[in-house]
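Before any comments, here is the structure.
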């Protein structure tokens, strides 16, 4: 349970960090989103799911810089899914090398997504998601148990991912509960990048002369999320260029609605 002293320390350290950490508008926006939602508290441990893509690369960079001002432990973990062969090996090499370059403890695990998905009667997308989170949660829990300190799993989903998630829920028939989307903090998971658009992340990486690896499967329209991202979202943005932000805002408000009107109304 957070004490008054813990809260005061949190405020002081973040105020001090704000004077020396911010290098851009994107960094500033992310910094204050983390501060406002208390996603990372002094003394905690943060395990970053590091795919090597642009989103997790930027988040790793930012947390590396934030750690210079806020005392917390940071590690990166990569999941090798057992698909995309040479491309997957490239991703593993890239993430390991970048973590070493930035002096961030790194680990990886190999999982058999094709075999698991076939046995369970799942698509590769869903099977990969299940095995990925199992491996990450196992590592997070082990680290927390070993050190006896609160440990959070940092995920690099951003505002565009939130819009895709909400639309995916709705087209699958989840009802009004589908508006909930992803939360910035959910049990042991944190999603600091929800305040940012994909374009903002890419622009910031360009300024930093950083580039993540590209996952070729993200172009495969047979995956529902890819179809929503590449076909549906652009149509919505032609109707209203702020469509993604509006969907994000509705998803953020949903927990308040659920609290006001009661869980029973939203459980159907």
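The values are calculated or read from the model by the stated rules, or taken from the named source; none is laboratory data. What you see is a predicted model, and the numbers here were worked out from it, not measured in a lab. Please note: Cβ atoms are built from the backbone with ideal geometry, for glycine as well, and neighbour counts cover all protein chains shown.
Worth pointing out:
- Against the conditions (1) loosely packed, with under 15 Cβ neighbours inside 10 Å; (2) touching a residue at least 40 places away in the same chain (Cβ under 8 Å), residue 222 satisfies every one except (2).
Matching residues to (1) in contact (Cβ under 8 Å) with a residue 40 or more places away in the chain; (2) part of a helix (DSSP H, G or I); (3) surrounded by 15 or more Cβ atoms within 10 Å (Cβ to Cβ):
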| site | (1), (2), (3) |
| --- | --- |
| 89 | no, yes, no |
| 98 | yes, yes, yes |
| 115 | no, yes, no |
| 122 | no, no, yes |
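- Among the residues here, residue 40 qualifies as touching a strand residue (DSSP E or B) at 6+ places or on another chain (Cβ under 7 Å), closer than 20 Å to residue 187 by Cα, modelled with pLDDT of 95 or more and in a loop (DSSP other than H, G, I, E, B).
- Residue match in the range 161-184 (condition: touching a helix residue (DSSP H, G or I) at 6+ places or on another chain (Cβ under 8 Å), modelled with pLDDT of 95 or more, crowded, with 16+ Cβ neighbours inside 10 Å and closer than 30 Å to residue 26 by Cβ): no
- When residues in the range 178-216 are screened for being closer than 25 Å to residue 88 by Cβ, in a loop (DSSP other than H, G, I, E, B) and touching a strand residue (DSSP E or B) at 6+ places or on another chain (Cβ under 8 Å), 1 of them pass.
- Failed criterion for residue 221 (all others in (1) more than 18 Å from the chain's Cα centre (by Cα); (2) in a helix (DSSP H, G or I); (3) closer than 27 Å to residue 84 by Cβ hold): (2)
- Residues of the range 100-113 classified as in contact with a strand residue (DSSP E or B) (Cβ under 8 Å, 6 or more places away or on another chain) and touching a residue at least 24 places away in the same chain (Cβ under 8 Å), total: 8
- Any hit, the range 198-218, residues being within 25 Å of residue 37 (Cβ to Cβ), exposed (fewer than 14 other Cβ atoms within 10 Å of the Cβ) and without any contact (Cβ under 8 Å) to a residue 12 or more places away in the chain: yes
- Set side by side, the residues 76, 135 differ, and just one is under 26 Å from residue 38 (Cβ atoms), modelled with pLDDT of 95 or more and either in contact with a strand residue (DSSP E or B) (Cβ under 8 Å, 6 or more places away or on another chain) or part of a loop (DSSP other than H, G, I, E, B) (or both), which is 76.
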